[in-house]
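Undergrad: Before we start, here is the structure in question, set down as structure tokens.
The values are calculated or read from the model by the stated rules, or taken from the named source; none is laboratory data. Quick caveat: nothing in here was measured; it's all calculated off a predicted structure. Neighbour counts are summed over all protein chains in view; Cβ atoms, including those assigned to glycine, are modelled from backbone coordinates with ideal geometry.
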Amino acid sequence: GAVVSQHPSWVICKSGTSVKIECRSLDFQATTMFWYRQFPKQSLMLMATSNEGSKATYEQGVEKDKFLINHASLTLSTLTVTSAHPEDSSFYICSARLDNEQFFGPGTRLTVL
Amino acid sequence: SQQGEEDPQALSIQEGENATMNCSYKTSINNLQWYRQNSGRGLVHLILIRSNEREKHSGRLRVTLDTSKKSSSLLITASRAADTASYFCAPGGGYQKVTFGTGTKLQVIP
């Protein structure tokens with residue numbers, strides 16, 4: 001139990017386009033999900049906390065207008081990278097909280113050309 | 001938020017040897033999780049230890065937790081080349097968000 005999936009697992013897009021990444025809790029409901037970003041050879045950095053039915057809370061330095069987060073249901077949160085640029089190329093990982101535990105998705109690798 | 005800091009940053013051992021890595025954190029926790037990340041891949045959950053537990057085993061993994069010292073250790077016994085990866089701890093629980101340290105990069109030499 002407590003499986004989190006992400007879709008797509010990898011995506012390549014042109015500069016200036018928008019990309020949507022989905023995070024789903026498959027067998028549980030999650031009122032809170034988290035989005036992380038990881039640049040090559042660096043640690044995971046928390047970007048934002050996604051709350052079902054309300055606005056996301058962004059970490060300092062993360063542009064909320066660039067990284068749009070929608071948590072419309074108890075099993076789905078989406079991260080949309082708007083007007084993506086090569087510097088947005090990264091590994092994006094989500095996690096979902098169930099009770100006192102956090103379960104991570106497998107990640108989405110975004111490459112912006 | 002909760003953040004774990006792993007130590008050492010890098011560890012290189014021969015296949016068959018044991019690998020020990022440590023995690024320290026700053027505030028009270030309900031549980032602590034260890035994850036493995038192979039290069040360019042997602043996080044793989046290894047083991048969760050709750051705050052009322054002192055030691056937990058899973059296969060070749062042994063995790064200890066000392067809440068008085070706010071530290072945990074992960075021991076991998078009889079290491080294999082396939083264990084080569086980065087290892088992260090995630091102290092957490094409750095409703096605090098988890099942030100990650102830089103991890104321990106383990107290299108197991110065949």
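Undergrad: Would you pick out the residues in segment A:70-101 that are within 14 Å of chain B (Cβ to nearest Cβ) and in contact with a Phe, Trp or Tyr (Cβ under 7 Å, 6 or more places away or on another chain)?
TA: A:Ser90, A:Tyr92, A:Ile93, A:Cys94, A:Ser95, A:Ala96, A:Leu98, listed by residue number.
Undergrad: Which of the strands (runs of 3 or more DSSP E) found entirely inside segment B:1-89 contain at least 2 residues meeting this: without any contact (Cβ under 8 Å) to a residue 12 or more places away in the chain?
TA: Working: elements: B:5-7, B:10-14, B:19-24, B:31-37, B:43-50, B:55-58, B:61-66, B:71-76.
By residue number, B:55-58.
Undergrad: Among the residues of segment A:59-108, how many are crowded, with 19+ Cβ neighbours inside 10 Å and either of a type in the set (Phe, Trp, Tyr) or within 12 Å of A:Arg37 (Cβ to Cβ) (or both)?
TA: Of the residues in that region, 13 qualify.
Conditions tested, residue by residue: (1) surrounded by fewer than 19 Cβ atoms within 10 Å (Cβ to Cβ); (2) within 15 Å of the chain's Cα centre (by Cα); (3) away from chain A (no Cβ under 14 Å); (4) over 30 Å from A:Thr57 (Cβ atoms).
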position: B:Ser71; (1), (2), (3), (4): no, yes, yes, no
position: B:Tyr87; (1), (2), (3), (4): no, yes, no, no
position: B:Thr104; (1), (2), (3), (4): no, yes, no, no
position: B:Val108; (1), (2), (3), (4): no, no, yes, yes
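Undergrad: Could you please find all residues in segment A:9-32 being within 23 Å of A:Asp65 (Cβ to Cβ) and in contact with an Asp or Glu (Cβ under 8 Å, 6 or more places away or on another chain)? Before you say what the answer is, go through the steps one by one.
TA: Taking segment A:9-32 first, the residues within 23 Å of A:Asp65 (Cβ to Cβ) are A:11, A:13-23, A:32.
Of everything in segment A:9-32, just one residue is within 23 Å of A:Asp65 (Cβ to Cβ) and in contact with an Asp or Glu (Cβ under 8 Å, 6 or more places away or on another chain), namely A:Thr32.
Undergrad: Okay, moving on. Kindly indicate which of A:Glu52, A:Glu22 is at pLDDT below 95 and of a type in the set (Asp, Glu).
TA: Working: A:Glu22 fails: at pLDDT below 95.
Result: A:Glu52 is the single residue among A:Glu52, A:Glu22 that is at pLDDT below 95 and of a type in the set (Asp, Glu).
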